[in-house]
Amino acid sequence: MSLTFHWFLPTNGDSRHVVGGGHGTPATASGRDRPPTVGYLGQIARAAEDLGFVGALTPTGAWCEDAWLTTAMVAQHSERLKFLVAFRPGSVSPTLAAQMASTFQRQTGGRLLLNVVTGGESQEQRAYGDFLDKDDRYRRTGEFLEVVRGLWEGKTVDLHGEHLRVEGAQLARVPEPVPEVYFGGSSPIAGEIAARHVDVYLTWGEPPAQVAEKIAWVRGLAARQGRTLRFGIRLHVITRDTSAQAWAEAERLLQGFDPETVKSVQAGLARSESEGQQRMLALHGGGHRDGLEIHPNLWAGIGLVRGGAGTALVGSHEEVAERIKEYAALGIEEFVLSGYPHLEEAYWFGEGVLPRLAADGFWRHPHGALPAASVQVPFAR
C-alpha cells in the first residue's frame with residue numbers, strides 16, 4: 001500500500017502565524033506577511049513535488065485568489081505536481097467548466113484534479129449571484145457533474161434538469177486523462193451526491209472514531225449505487241524532531257491569536273450553514289483554548305481563527321506517522337496537508353515523516369526519489 005499525500009497552495013497569503021479566513025470570514029492580516037505571488041507559490045509547488053507530494057490543493061472563495069488562474073500560472077513553474085483546483089458549480093456553465101478542465105489537462109500534461117465545492121454559505125454565494133439554498137446547490141452540483149462527466153466521455157449531452165439545462169453540448173477534444181473528482185460534505189444530500197458522482201470523498205480532520213463513521217456512511221451509499229470510492233482527509237501538520245518541539249510551536253501559534261479576532265471569527269463561523277463547519281466548531285467548543293488536543297496528537301487550535309479545516313496533527317515525526325497509519329487503517333488513502341508557513345512546513349513533513357512511512361511500507365516517492373531521513377531546514381524556527 002502506498003498512501004497519497006497532497007500539499008496546499010496558500011492563495012490567501014502565508015505567514016509564520018495562522019492565516020485565518022474562509023466560510024464567509026475574511027483572511028486575517030497575517031496573510032499579508034507573504035503575499036500569494038506566483039513566485040512564492042511556485043517555490044512551494046517545486047518543494048512539494050521534490051519532496052513527494054502528488055498534488056496541491058488550491059482553495060476557492062472571496063478570501064483568496066482565483067484557483068483556476070493561479071494554478072494555471074504556477075503550473076509553469078513546476079513540472080510534475082498536480083493541482084487540486086477547488087471549483088464551485090454554478091459559477092460557470094458545466095460545458096464551459098468541462099472545456100476548461102480539458103484545456104488545463106492538455107496544457108499541463110494531465111496535472112488537474114478537480115475539487116468540487118458546492119458552497120456552504122448562502123451569503124457568500126449571493127455575492128457571486130447565486131441565490132439557491134444549500135440543498136438546491138447540492139442538487140445543482142449533481143446535475144453539473146452529470147453533464148461534465150458525460151462530456152468528458154465524449155458524449156453529446158442534453159439535460160433538462162431542475163437547475164441546469166444544456167442542449168447538444170459536446171467537447172471538440174476530451175481531456176486525457178479524465179480529471180479525478182474530489183468532493184466533501186457532511187449533510188445527507190452531500191452524501192448522496194458523493195455516492196453517485198465522485199472519485200474521492202474528502203473529510204476534514206475529525207477524531208478517528210468520527211472519521212470511521214463518515215467513511216462507513218458514504219461507503220454504504222456508494223455501494224447502493226454500485227460504486228466504490230476512495231477516501232481522503234484534510235489536515236494541518238506541525239511535526240518536529242521531538243514532541244516537545246512540535247507542541248511548543250503549536251503554543252507559539254496559539255499565543256499569536258488575538259482574542260478579539262477569535263471572538264469575531266467564531267461568531268461568523270457559528271452562522272455557517274455547513275454541517276462540516278459545525279462539526280469543526282464542536283471540536284473546540286466555539287473558542288475555548290483549553291482541551292484543544294481532542295485525540296492523541298490531534299489539535300483543534302487552528303479552527304479558532306480559520307474556517308474549514310481546523311485541526312492539525314502535532315507531534316514528533318514518529319508520532320505524526322503513527323496517527324497517519326491510524327487513519328489509513330480506517331480506509332483513508334489520501335492526505336491533503338498544510339502548515340504555517342507552507343514552504344518550511346512542507347520540508348518538516350517531507351523530510352521528517354515521509355521517510356518513516358516509506359520505511360514501514362506505507363508510502364513510496366511517486367517519482368522514485370526519497371527525502372533524507374532527518375530534517376535540517378535552515379530557515380525553520
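The values are calculated or read from the model by the stated rules, or taken from the named source; none is laboratory data. As the structure is a computational prediction, the values presented were derived from the model and not from experiment. Counting neighbours? That spans all protein chains shown, and the Cβs are built from the backbone with ideal geometry, glycine included. The accessibility values were calculated without ligands, DNA or RNA, using every heavy atom of the protein model including side chains. Shrake-Rupley method; radii C 1.70, N 1.55, O 1.52, S 1.80 Å.
Compared with the dominant principal axis of the Cα atoms in the chain, helix 275-284 is inclined by about 10°. Proximity of backbone amide H atoms, modeled 1.01 Å from N, is registered between G310 and G205 at under 5 Å, excluding neighbours fewer than 5 places apart on the same chain. Remark: relative contact order (the chain) = 20 percent; criterion is Cα-Cα distance under 8 angstrom and separation of 6 or more residues.
Heavy-atom accessible area for Y128, with the other protein chains in place and a 1.4 Å probe, reaches approximately 140 Å². Note on region 1-126: antiparallel DSSP beta bridges, both residues inside, total approximately 15 percent of the bridges counted.
Provide the per residue accessible area, probe 1.4 Å, for the chain, rounded to a whole number of square angstrom.
Working: 15110 Å² over 381 residues.
Heavy-atom SASA per residue in the chain reads 40 Å².
Under the shape rule built on the C-alpha gyration tensor, where the axes satisfy a ≥ b ≥ c, region 152-216 is oblate, since a/c reaches at least 1.5 while a/b does not exceed b/c.
With an 8 Å cut-off on Cα pairs and a minimum separation of 6 or more residues, tell me the relative contact order of region 32-151 in percent. Mind showing how you got there, number by number?
Numbers: 138 pairs, mean separation 27.6, N = 120.
It rounds to 23 percent for region 32-151.
The modelled label-to-label distance for the pair E180/E162, using points 7 Å beyond Cα in the direction of Cβ, is 3.0 nm.
Highest mobility in the GNM of the chain, judged by mean-square fluctuation with C-alpha springs under 10 Å and restricted to T37, T156, T203, is found for T156.
Using a 1.4 Å probe over the heavy atoms of the protein chains, calculate the carbon and sulfur portion of the accessible area of region 100-154 as a whole percent.
Details: 960 of 2150 Å².
The value for region 100-154 is 45 percent carbon and sulfur by accessible area.
Dipole of the chain computed with +1 at Lys/Arg Cβ and -1 at Asp/Glu Cβ about the Cα centre; of T58, P35, A216, farthest Cα towards the positive end is T58. For the modelled label position 7 Å from the Cα of R289 along Cα-to-Cβ, which residues of region 217-259 have backbone nitrogen atoms closer than 15 Å? Zone members listed by number: 248-259. Helix 188-197 axis versus longest C-alpha principal axis of the chain: approximately 70°, rounded to the nearest ten.
The long axis of helix 134-152 is offset from the longest Cα principal axis of the chain by roughly 70 degrees. What does the helix-only formula give at 222 nm for the chain: each DSSP H stretch with n ≥ 4 adding -39500 (n - 2.57), the total divided by the residues, and the result rounded to the nearest 500 deg cm²/dmol? -12500 deg cm²/dmol, from helical runs alone. Between A86, T11, V320, the Cα set farthest toward the positive side of the dipole of the chain (charges on each charged residue's Cβ, about the Cα centre) is that of A86.
Loop-located trypsin sites (Lys or Arg not before Pro) in region 175-281 (DSSP state not H, G, I, E or B) with no more than 14 neighbouring Cβ atoms inside 10 Å: R271. Pairwise alpha-carbon distances in region 205-287 exceed 22 Å for 48% of all pairs. Taking the Cα centre of region 41-110 as origin and assigning +1 to Lys and Arg Cβ atoms and -1 to Asp and Glu Cβ atoms, the resulting dipole is close to 160 debye. For the chain, the share of DSSP beta bridges that are antiparallel, to the nearest 5, is 20%. Nonpolar atom fraction for region 182-306, defined as the carbon and sulfur part of the 1.4 Å probe accessible area, stands at 51 percent.
Beta-bridge orientation, region 72-224: approximately 20 percent antiparallel, per DSSP, counting only bridges with both partners inside. Label 7 Å along Cα→Cβ of E318; region 236-251 residues with amide nitrogen under 15 Å? Within reach of a label on E318: 240-246.
Could you size up the charge dipole of region 152-245 around its Cα centre, putting +1 on the beta carbon of Lys and Arg and -1 on that of Asp and Glu, and report it in debye to the nearest 20? That gives region 152-245 a dipole magnitude of about 180 debye. Give me the percent relative contact order of region 181-314, please, defined on Cα pairs under 8 angstrom at least 6 residues apart. Reported relative contact order: 26 percent.
Inter-part distance, region 149-174 to region 57-71, computed on C-alpha centroids, equals 26 Å. The lysines within cross-link reach of K214, meaning a Cα-to-Cα straight distance under 27 Å and a gap of 8 or more places when in the same chain, are K82, K134, K325.
Couplings 3J(HN,Hα) of region 33-45, computed from phi: 4, 10, x, x, 6, 4, x, 5, 4, x, 4, 5, 4 Hz, in residue order, whole Hz [Karplus 6.51 cos²θ - 1.76 cosθ + 1.60, θ = phi - 60°; x for Gly and Pro].
Counting only heavy atoms of the protein chains and using a 1.4 Å probe, F362 has close to 50 Å² of accessible surface.
Over region 1-47, what percent of the accessible surface lies on carbon and sulfur atoms, probe 1.4 Å? Numbers along the way, then the final one.
Numbers: 860 of 1560 Å².
Carbon-and-sulfur percentage of accessible area, whole number: 55.
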